[in-house]
1. Of 22/118; 11/128; 55/81; 41/128, which pairs sit farther than 26 Å apart, going by alpha carbon to alpha carbon?
2. Apply the Karplus curve 6.51 cos²θ - 1.76 cosθ + 1.60, θ = phi - 60°, to the phi angles in region 85-95 and return the couplings in whole Hz, x for Gly and Pro.
3. Give me the distance in nm between label points sitting 7 Å out from Cα along the Cα-to-Cβ direction at residue 86 and residue 157, one decimal.
4. What is the calculated FRET efficiency for residue 62 to residue 41, with r their C-beta to C-beta distance and R₀ = 22 Å, to the nearest 0.05?
5. Eigenvalues of the Cα gyration tensor times 5, then square-rooted: what semi-axes does that give for the chain, in whole angstrom, largest first?
6. What does the accessible area per residue of the chain come to in Å², with a 1.4 Å probe and no ligands, DNA or RNA counted?
7. Please report the carbon-and-sulfur percent of the accessible area for the chain; probe 1.4 Å, protein heavy atoms only, DNA, RNA and ligands left out.
8. In debye to the nearest 20, how big a dipole does region 33-161 give about its Cα centre with +1 on each Lys and Arg Cβ and -1 on each Asp and Glu Cβ?
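The values are calculated or read from the model by the stated rules, or taken from the named source; none is laboratory data. Bear in mind that the values here come from a model prediction, so they are computed numbers and not experimental data. As a convention, Cβ positions derive from the backbone with ideal geometry for all residues, glycine included, and neighbour counts pool all protein chains shown. Accessible surface is based on the protein model in full, side chains and every heavy atom, while ligands, DNA and RNA are left aside. Shrake-Rupley method; radii C 1.70, N 1.55, O 1.52, S 1.80 Å.
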Amino acid sequence: AERDMALELWKRELTTTHELWKNALYTPPDGGDAAPLDHHKDWHFPNVPDCGVLKLEYTALLSFKRQDRGIFFSSPMDEPKFARLAATLEIESLSDFERWSLIKMAGAVNYFTSRQAKVLVDAMSYRKGKLDAAVLLYARAIDPNAYGAAVLDSLGTDSDRQALIDVMHPPAEHITDGE
């Protein structure tokens with residue numbers, strides 16, 4: 001249960017702008033000395049050791065000011081945080097399910113530039129994952145007019161590109177006379 005909690009905190013730290021852990025110390029199970037831990041360098045997501053003691057400070061911004069002010073007034077995910085997320089998504093041993101989970105978590109609380117969205121879409125290995133990520137992130141793009149040019153090339157088939165275009169520019173509803 002503690003390992004799962006550490007992994008969940010790590011996911012939140014990767015995907016949210018206002019949460020982080022710092023001053024982490026890891027003591028190996030053999031009782032060796034506690035050593036400072038940079039989890040981004042010393043561990044590869046999602047590999048958290050099964051044994052040992054992890055002590056850390058976890059901070060979260062508690063604010064009364066609403067952070068999500070819509071695509072035209074919110075800032076995109078800050079570059080250092082985005083770079084850590086993108087580097088994590090590049091880990092070869094990560095499954096598409098794990099990548100999708102991180103992208104969904106990040107997409108729920110952050111906005112992105114179209115360039116950032118393209119990086120996240122490109123991180124997915126399979127066609128469906130790329131399309132799902134492209135559709136999800138379109139609603140979180142601060143520059144929706146540039147989104148198609150940035151992201152469409154990441155989709156491998158014409159039908160996937162058309163599906164994204166339909167999300168970006170829904171076809172007009174047909175109005176009929178009394179039918």
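1. Values: 22/118 29 Å; 11/128 22 Å; 55/81 22 Å; 41/128 30 Å.
As for pairs spanning more than 26 Å Cα to Cα, those are 22/118; 41/128.
2. Calculated HN-Hα couplings, in order: 4, 4, 5, 5, 5, 7, 4, 4, 6, 6, 7 Hz.
3. Going from the residue 86 label point to the residue 157 one covers 2.9 nm.
4. Working: r = 29 Å, r/R0 = 1.30.
Efficiency for this residue pair is about 0.15.
5. Values: eigenvalues 279, 69, 36 Å².
Each semi-axis is √(5λ); the values are 37, 19, 13 Å.
6. That works out to 61 Å² for each residue.
7. Numbers: 6100 of 10900 Å².
C and S fraction of accessible area: 56 percent.
8. On the way: 16 positive and 18 negative charges, 116 e Å.
Dipole of region 33-161, to the nearest 20 debye: 560 debye.
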